[in-house]
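Structure record follows, encoded as structure tokens.
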Amino acid sequence: MVVREEALGLLTPLPPATRYNPLAMKGPGTDKDDDVALDQEPSIAKARRYAVVFYNDDYTTKWFVVMVLEQLFRMSETTATAFMMAVHTHGKGVAGVYTRDIAQTKAAQIMDVAKEYGMPLMVTAEPGEHGDDE
């Protein structure tokens, strides 16, 4: 093989180390199709899921909770009211399950809105029970 040097107009051969030699590629790390053989299949783990958990308290108004659920979780008024009543009855409830960053952001947004309205609403982002380890 030769390379043309444009500036001088001369032809010079490539050094042997840069030449393509398919026979040199054969070795213990290749398979019969000249592909690189892997010792094991690559594993891709699913991202751990985090639940956005609402906790019941005696001071936050039910309608405030419904408003937050409608605005930040895009729930209908009927769904938000049913969820709010379930939290009121059971003491806590999971509004949604997301990746860690999204769950933490939603929980922080809710806490900021609650603080702005003077409500003591408690919302946390907790690791899901059936999530994979990171």
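Tabulated data for the structure shown
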{"quantity": "All positions within region 90-101 that are touching a strand residue (DSSP E or B) at 6+ places or on another chain (Cβ under 8 Å) and farther than 15 Å from Ala80 by Cβ", "calculated": "Gly91, Lys92, Val97, Tyr98, Thr99, Arg100"}
{"quantity": "Leading residue by the ranking (nearest to Thr79 (Cα to Cα)) among those in region 93-124 that are surrounded by 15 or more Cβ atoms within 10 Å (Cβ to Cβ) and among the basic types (Lys, Arg)", "calculated": "Lys106"}
{"quantity": "Where a residue in region 69-92 is free of Cβ contacts under 8 Å to residues at least 12 places away in the same chain and under 19 Å from Asp58 (Cβ atoms) and its partner, wherever it lies, is polar (S, T, N, Q) and part of a helix (DSSP H, G or I), with Cβ under 8 Å and at least six apart", "calculated": "none"}
{"quantity": "Candidates Tyr50, Tyr55 - the one that is under 22 Å from Gly128 (Cβ atoms), of a type in the set (Ser, Thr, Tyr), in contact with a Pro (Cβ under 9 Å, 6 or more places away or on another chain) and modelled with pLDDT of 95 or more", "calculated": "Tyr50"}
{"quantity": "Candidate set: region 86-131, residues that are outside any helix (DSSP H, G or I), of a type in the set (Gly, Ala, Ser) and farther than 16 Å from Val66 by Cβ; chosen: the one farthest from the chain's Cα centre (by Cα)", "calculated": "Gly118"}
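The values are calculated or read from the model by the stated rules, or taken from the named source; none is laboratory data. These numbers were taken from a predicted model, which means no experiment stands behind them. Counting neighbours? That spans all protein chains shown, and the Cβs are built from the backbone with ideal geometry, glycine included.
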